[in-house]
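**Q** This is the structure I have questions about; it appears just below.
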Amino acid sequence: ADWNANGYRLPTEGEWEYFARAGTTGPFSITASAYNSSTYIICTSGVLPALESVAWFCANSESTSHPVGSKASNPWGLKDVHGNVWEWCWDWWGGGYPSSSQTDYRGPSNGSHRVVRGGSWSSEPEYVRSGSRYYNNPGVPGDYGLGFRLLRSVN
């Protein structure tokens, strides 16, 4: 990536998590008091009403994606950071994070899979958390649970 380029790009994994969290520190950008060790994989409507207000996931999606922006926003006004579709990140998948403290971690310089974040309409609650991360092969077509969000650097 040319980090000095003037134009649109995918977010880094660090940027994605920063804007998804929107200054919060919990599992989601909203308070989901019913989210716990017995509800983190549940796909029953009504169990996690706070999460259902901001996310399309297995409990409320009816097994399909939905129009962007149809749920409430996070505290910074961004919509669909939890659920609906996994979002591509610029970073290559490198497995776990480094053990040392990182700011805007960018991952390895190459690889065969890219990081995806946010979960999708078919995901259990644990996968739509702000900190959840996964990967996918960008060369494989036809995965309808994937999307993207573009950023533009401010100069």
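**Q** Please determine, by comparing only the residues of the stretch 136-155 that are of a type in the set (Gly, Ala, Ser) and free of Cβ contacts under 8 Å to residues at least 60 places away in the same chain, which one is surrounded by the most Cβ atoms within 10 Å (Cβ to Cβ). Give the derivation first.
**A** Residues of the stretch 136-155 that are of a type in the set (Gly, Ala, Ser), as a first pass: 139, 142, 145, 147, 153.
Next, only the ones that are free of Cβ contacts under 8 Å to residues at least 60 places away in the same chain stay: 139, 142.
Values: GLY139: 8, GLY142: 5.
Checking each candidate, the answer is GLY139.
**Q** Confirm whether TRP121 is open to solvent by 40 Å² or more (accessible area, probe 1.4 Å) and among the aromatic types (Phe, Trp, Tyr).
**A** On the way: open to solvent by 40 Å² or more (accessible area, probe 1.4 Å): yes; among the aromatic types (Phe, Trp, Tyr): yes.
When the stated conditions are applied, TRP121 passes them.
**Q** Would you please name the residue that is most open to solvent (accessible area, probe 1.4 Å), looking only at residues in the stretch 1-24 that are at pLDDT 95 or above and outside any helix (DSSP H, G or I)?
**A** Looking at residues that are at pLDDT 95 or above and outside any helix (DSSP H, G or I), I get GLY23.
**Q** Just wondering, is there one or more residues in the stretch 88-102 that are part of a loop (DSSP other than H, G, I, E, B) and within 13 Å of the chain's Cα centre (by Cα)? It would help to see each step written out before you state the result.
**A** Step one: of the stretch 88-102, the residues part of a loop (DSSP other than H, G, I, E, B) are 93-102.
Subset that is within 13 Å of the chain's Cα centre (by Cα): none.
Within the stretch 88-102, none of the residues are part of a loop (DSSP other than H, G, I, E, B) and within 13 Å of the chain's Cα centre (by Cα).
**Q** For the structure I just gave you, tell me whether THR103 is open to solvent by 50 Å² or more (accessible area, probe 1.4 Å), β-branched (Val, Ile, Thr) and more than 18 Å from PRO11 (Cβ to Cβ). Break it down stepwise before answering.
**A** On the way: open to solvent by 50 Å² or more (accessible area, probe 1.4 Å): yes; β-branched (Val, Ile, Thr): yes; more than 18 Å from PRO11 (Cβ to Cβ): no.
So THR103 does not fit the description; no.
**Q** Can I ask one more? In the stretch 124-135, how many are at pLDDT below 95 and open to solvent by 40 Å² or more (accessible area, probe 1.4 Å)?
**A** 3
**Q** Among (1) within 30 Å of GLY107 (Cα to Cα); (2) modelled with pLDDT of 95 or more; (3) not aromatic (Phe, Trp, Tyr), there is one condition GLU52 misses while meeting the rest; what is its number?
**A** (1)
**Q** Now for a different question. Taking LYS71 as meeting all but one of (1) within 18 Å of ARG21 (Cα to Cα); (2) in contact (Cβ under 8 Å) with a residue 40 or more places away in the chain; (3) buried (at least 18 other Cβ atoms within 10 Å of the Cβ); (4) not small (Gly, Ala, Ser), write down the number of the exception.
**A** Only one criterion in (1) within 18 Å of ARG21 (Cα to Cα); (2) in contact (Cβ under 8 Å) with a residue 40 or more places away in the chain; (3) buried (at least 18 other Cβ atoms within 10 Å of the Cβ); (4) not small (Gly, Ala, Ser) is unmet by LYS71, namely (2).
**Q** Among what's in the stretch 74-85 and is within 15 Å of VAL128 (Cβ to Cβ) and in a loop (DSSP other than H, G, I, E, B), pick the residue that is most open to solvent (accessible area, probe 1.4 Å). Walk me through it before giving the result.
**A** Filtering the stretch 74-85 for residues within 15 Å of VAL128 (Cβ to Cβ) gives 74, 78-85.
Next, from what is left, pick out any that are in a loop (DSSP other than H, G, I, E, B): 74, 78-82, 84-85.
Numbers: ASN74: 8, LEU78: 54, LYS79: 81, ASP80: 13, VAL81: 5, HIS82: 2, ASN84: 7, VAL85: 35 Å².
Only one residue fits best here, namely LYS79.
**Q** State yes or no: is ARG114 in contact with a Pro (Cβ under 6 Å, 6 or more places away or on another chain) and at pLDDT 90 or above? Can you show your working first?
**A** On the way: in contact with a Pro (Cβ under 6 Å, 6 or more places away or on another chain): yes; at pLDDT 90 or above: yes.
It is true that ARG114 is in contact with a Pro (Cβ under 6 Å, 6 or more places away or on another chain) and at pLDDT 90 or above.
**Q** Would it be correct to say that ARG114 is farther than 14 Å from LEU10 by Cβ, open to solvent by less than 80 Å² (accessible area, probe 1.4 Å) and of a type in the set (Lys, Arg)? Before the answer, list the steps.
**A** Working: farther than 14 Å from LEU10 by Cβ: no; open to solvent by less than 80 Å² (accessible area, probe 1.4 Å): yes; of a type in the set (Lys, Arg): yes.
Taking the combined requirement at face value, the residue does not satisfy it.
**Q** So, of the residues in the stretch 45-73 that are of a type in the set (S, T, N, Q) and in a loop (DSSP other than H, G, I, E, B), which turns out to be farthest from the chain's Cα centre (by Cα)?
**A** Taking the stretch 45-73 and keeping what is of a type in the set (S, T, N, Q), we get 45, 53, 60-61, 63-65, 70, 73.
With the extra rule that they be in a loop (DSSP other than H, G, I, E, B), the set shrinks to 45, 60-61, 63-65, 70, 73.
Values: SER45: 21, ASN60: 17, SER61: 16, SER63: 18, THR64: 17, SER65: 14, SER70: 16, SER73: 14 Å.
Looking at the filtered set, the residue picked out is SER45.
The values are calculated or read from the model by the stated rules, or taken from the named source; none is laboratory data. The model shown is predicted, which means the values in this text are computed figures rather than measured ones. Every residue, glycine as well, gets a Cβ built from its backbone with ideal geometry; the counts of neighbours run over all protein chains shown. Only protein heavy atoms, including side chains, enter the accessible area calculation; ligands, DNA and RNA are left aside. Shrake-Rupley method; radii C 1.70, N 1.55, O 1.52, S 1.80 Å.
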